[in-house]
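A quick write-up on the structure given underneath.
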Amino acid sequence: SNLRGKVVVINFWATWCVPCLEEMPMFQAYSEEYPQIAMLGIDQAESQEQVAPYLSKMGITYPILLDTNAKVSESYKIAMLPTTIFVDEQGMIRFRHYGIMSQDQFQYYLRKLGAIE
């Protein structure tokens, strides 16, 4: 609810998921270039000790939340990683993207939500 009024991108990922790690630099770049977009990463079922080295090595600074017991993933019905959810300014889920996402695909979703031109 703190993010209402912003487009929110929620990316579910894990350190063992190679495609997840491949798309994270793109999310980092967009979080820096478009601060009006709330970018959140949710790591699935791993500890801070497992996740921290990856974030440090990759220079990830957008918020990463730990879903250590996978309850958040369960509530969002996440069946595969990576999965990215796009939430509009009113807090409604508008798009779900399953699998690795290209920059063109990412831009498409953000344009449809009016977050970028």
Pair list, Cβ < 8 Å and 6+ apart or interchain, from the stretch 29-43 residues that are open to solvent by less than 20 Å² (accessible area, probe 1.4 Å) to residues that are among the hydroxyl-bearing types (Ser, Thr, Tyr): ILE37/TYR30; ILE37/SER31; MET39/TYR30; MET39/SER31; MET39/TYR62; GLY41/TYR62; ILE42/SER73; ASP43/THR15
Search result, residues across the stretch 53-78 that are free of Cβ contacts under 8 Å to residues at least 12 places away in the same chain and open to solvent by 40 Å² or more (accessible area, probe 1.4 Å): PRO53, SER56, LYS57, LYS71, GLU74, SER75, LYS77
In the stretch 56-109, the residues that are touching a Ser or Thr at 6+ places or on another chain (Cβ under 6 Å) and in a strand (DSSP E or B): ASP67, HIS97, TYR98
Qualifying position, being touching a strand residue (DSSP E or B) at 6+ places or on another chain (Cβ under 7 Å), of a type in the set (Gly, Ala, Ser) and not in a helix (DSSP H, G or I), among GLY41, GLY114: GLY41
Qualifying residue in the stretch 44-52 (condition: touching a strand residue (DSSP E or B) at 6+ places or on another chain (Cβ under 7 Å), open to solvent by 80 Å² or more (accessible area, probe 1.4 Å), free of Cβ contacts under 8 Å to residues at least 60 places away in the same chain and over 21 Å from LEU113 (Cβ atoms)): yes
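The values are calculated or read from the model by the stated rules, or taken from the named source; none is laboratory data. These numbers were taken from a predicted model, which means no experiment stands behind them. All Cβ positions, even for glycine, are placed from backbone atoms using ideal geometry, and neighbour counts span all protein chains on display. SASA here: full protein model, heavy atoms, side chains in, ligands and nucleic acids out. Shrake-Rupley method; radii C 1.70, N 1.55, O 1.52, S 1.80 Å.
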